[in-house]
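Accompanying notes for the structure given below.
The values are calculated or read from the model by the stated rules, or taken from the named source; none is laboratory data. These figures come from a predicted structure and were not determined experimentally. All Cβ positions, even for glycine, are placed from backbone atoms using ideal geometry, and neighbour counts span all protein chains on display.
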Amino acid sequence: MRIKYGWCFKVLVDHLLTGALGIGLFFWGGAYSSQLSASTAIAVKDDARQWVKLTSPAKRIISLAPHTTELLFAAGAGDKVVGVISFSNYPAQAKQITQVGRFDAIAVETIISLQPDLIVAWRSGNANAGIQTLQRQGYPIYFSEPTRLIAIPEQLEALGKLAGVEETANRAAETFRQRLKSLQTQYSTKNNQQKKQPTVFFLVSQTPLMTVNKNHIINDVISSCGGVNPFADLAPLVPIISIEQLLVTSPSVIVAPSSAQQNGWSAQLKQLPAIQQNRVIYLEADHILRPTPRILLAMQSLCEQLASIGSPVDK
């Protein structure tokens, strides 16, 4: 049985299984590059470790992932967003913005017609062909891929600088840092003092059986709550594992999005003591899967439930 998680699990699974999907290449004369002058008024470094340079604050922004749409609005730049990717459903205002395709098939022609002066892309999620076409046209592209919780306020500040809304963005970033520090102080130390830290398995998909490694931001959420990811050292960001690996590991707790609750468990997974003993934590999918300020809602829920579960039983 395949668990249906909503847009972001489809993104994780489809991106891993199919790789970067190609879309048609288009060639236009002129484009954005000719509009840039030699001077640079604004410069920030993105998650691709590249400098994004603008001559003035962006006024027409394209967002190519639901999480980047949320980040832009949180930074105070929502009124500058003129195009979004499908499933950009938060905040509510984002639903009214022109859509520019899917994460794996961005509508390059539509994007160009919107005359953006900044594109915010998802580094590991967007189709390479479309991104490369936009890069060749000279459009400034900021790549987003937060892998640690502390990277979220840094991105809010960077996007705020690019959009000329630094005051609002900096306030949002500071609020996030304070809330994160409070949660870490309250739960990480407390849960780490347990006799035995709980091993926490995050379920991405049942078929194939998938989880996250140490470079995924969800791993940072787990460790911040005092849990240990048993598959942290596997190579892929979203590794496929065997049922045998999971049974041998026998995690203390299983974490899954709330949308998984209605789909049930396979017969093989029902062999896990964590499921038999109802040591399963469900989190709101959009909260845990999107690296935005709302991830702290998922973190608080996870920390509280891990603390209430207490020390894992001896195997």
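Structure values in brief
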quantity	calculated
Tabulated pairs, the stretch 280-291, first within 16 Å of Asn89 (Cβ to Cβ), second of a type in the set (Phe, Trp, Tyr), C-beta under 8 angstrom, 6+ apart or interchain	Ala285/Tyr5; Ala285/Phe9; Asp286/Tyr90; Leu289/Tyr5; Leu289/Phe9
In the stretch 50-71, the residues that are under 14 Å from Glu145 (Cα atoms) and of a type in the set (A, V, I, L, M)	Leu64, Ala65, Leu71
Test: Ala65 is within 16 Å of Thr292 (Cβ to Cβ) and in contact with a helix residue (DSSP H, G or I) (Cβ under 8 Å, 6 or more places away or on another chain)	no
The stretch 82-107: number of residues that are over 19 Å from Ile152 (Cα atoms) and crowded, with 23+ Cβ neighbours inside 10 Å	6
Glu244 closer than 18 Å to Ala74 by Cα, of a type outside the set (Phe, Trp, Tyr) and modelled with pLDDT of 95 or more	no
Cβ pairs under 6 Å, 6+ apart, first in the stretch 57-69 and surrounded by fewer than 24 Cβ atoms within 10 Å (Cβ to Cβ), second at pLDDT 95 or above and in a strand (DSSP E or B)	Arg60/Val82
Qualifying residue in the stretch 166-185 (condition: aliphatic (A, V, I, L, M), outside the structural domain of Ala298 (by TED's automatic domain parsing) and at pLDDT below 95)	yes
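Every residue, every condition in (1) out of contact with any strand residue (DSSP E or B) (no Cβ under 6 Å at 6 or more places or on another chain); (2) under 30 Å from Phe87 (Cα atoms); (3) among the β-branched types (Val, Ile, Thr), yes or no:
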| site | (1), (2), (3) |
| --- | --- |
| Gly226 | yes, no, no |
| Ile241 | yes, yes, yes |
| Val255 | no, yes, yes |
| Ala267 | yes, no, no |
| Pro273 | yes, no, no |
| Gln276 | yes, no, no |
